[in-house]
Amino acid sequence: MIGVFDSGSGGLTILEALHEHMPDQDFLYLGDHANAPYGHRSNDQIVDMTRASMEILFDAGCDLVVLACNTAAAIALRTLQQDWLPKAYPNKRILGVLVPMVEALTGVPWSQEHPDRQEQKNRSILLFATRKTVDSGSYLDEVRKRAPHVTLHQKACPGLVDAIEGGAGKAPVRGLIGGYIEEVLAACPTPEAAVLGCTHFPLVKDYFRSALPKGVELLSQPEIVAASLVDYLKRHPEFMVAGNGHIRLLTTGKPEDVTMADAYLPEKLRHFEDHRDI
Ligand code: DGL
């Protein structure tokens, strides 16, 4: 069973793609709805909350967890991987969503921080994310090291995670997205591509697509992360456990309060259980 974690319901976009790419794997999803959104929290809180959620998933039997939250990956992943995991759960692994995205944006493997590169065509790419992810500078630094010809124009999207989690209607969500895009295009009028660097945002990707200028490629984080996990499991078959495509959704919040966006989610990804019932 593979664990998938997000602060709330955004990671379901990643889970959906993982299930499509690996239909025989069983997945256990945990949304930390009791503490979401993480975008408003301090770094220490994000590390503590992410660690607590990893413990729940590991103790429930997951040997590998996908941290399907850009904010937690940007703020907490390195600390947990280096300072906590080797002592607390030496045989378990946590993979984030940032590494596959940086590899896809740069075309450079993560292990090559400073590749020798020939002259490359300059590219401008928009990155929409939470304020916390943007302020961490993680995407910016990792992309710049590997591909100086790629310019990322980051745009924080305050309020969007709250609106989606709260099940806000079409019009306010469209309005928010239109505003972010207008602002970022003022700084970067001719981007080639855009990345939704928050796992909640693919739930409303159609609104991003229709507000972006025609011809701007919208890179799909769920697809990129799923392809990367398939590749990882080929190299680490010890984490691939035969299953039957079963998905179970847990929440740290009250299942009846996880109102999130029925409209944005497929039926099979709407029914959460209390994490204490596992
Ligand atoms: N889905 C999380 C992300 O990818 C949302 C962050 C939040 O809880 O603010 O960043």
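Based on a Kirkwood Rh over C-alpha pairs, give the Stokes-Einstein translational diffusion coefficient of the stretch 153-241 at 20 °C and viscosity 1.002 mPa s in µm²/s.
On the way: Rh = 14.7 Å.
For the chosen part, D equals 146 µm²/s.
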Checklist outcome for this item: Percent of all alpha-carbon pairs of the stretch 46-156 at distances over 19 Å, whole number, is 49 percent
Checklist entry - Could the peptides 83-90, 128-135, 174-181, 150-157 be put in order, highest first, of the mean number of other beta-carbon atoms found within 10 Å of their residues? => result 128-135, 150-157, 174-181, 83-90
Next on the checklist: Please compute the alpha carbon radius of gyration of the stretch 45-94, then divide it by the globular-protein estimate 2.2 N^0.38 Å. Two decimals is fine.
Outcome noted: 1.00
Checklist entry - So what are the three principal axis dimensions of the stretch 136-186 from its Cα atoms, in whole Å, longest to shortest? => result 40, 23, 12
Next on the checklist: Helix-only mean residue ellipticity at 222 nm, the chain, DSSP H runs n ≥ 4 weighted -39,500 (n - 2.57), per residue, nearest 500. What is it?
Outcome noted: -11000 deg cm²/dmol
Next on the checklist: Can you tell me the convex hull volume per residue for the chain, based on C-alpha atoms, in Å³ to the nearest whole number?
Outcome noted: 123 Å³
Checklist entry - Regarding the stretch 1-88, what are the three Cα extents along the principal axes, ordered largest first, in Å? => result 37, 29, 20
Checklist outcome for this item: Glu103 neighbourhood, Cβ < 11 Å, K/R = +1, D/E = -1, net charge -1
Item to check | Calculated P(r) tail over 27 Å for the stretch 82-225, as whole % of Cα pairs | outcome: 26 percent
Checklist outcome for this item: Ranked output for segments 160-173, 20-33, 48-61 by mean other Cβ atoms within 10 Å, highest leading, reads 20-33, 48-61, 160-173
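Quick note: the coordinates plus some simple rules give every number you see, no bench work behind them. Everything numeric in this text was worked out from a predicted model, so none of it was measured. Neighbour counts are summed over all protein chains in view; Cβ atoms, including those assigned to glycine, are modelled from backbone coordinates with ideal geometry.
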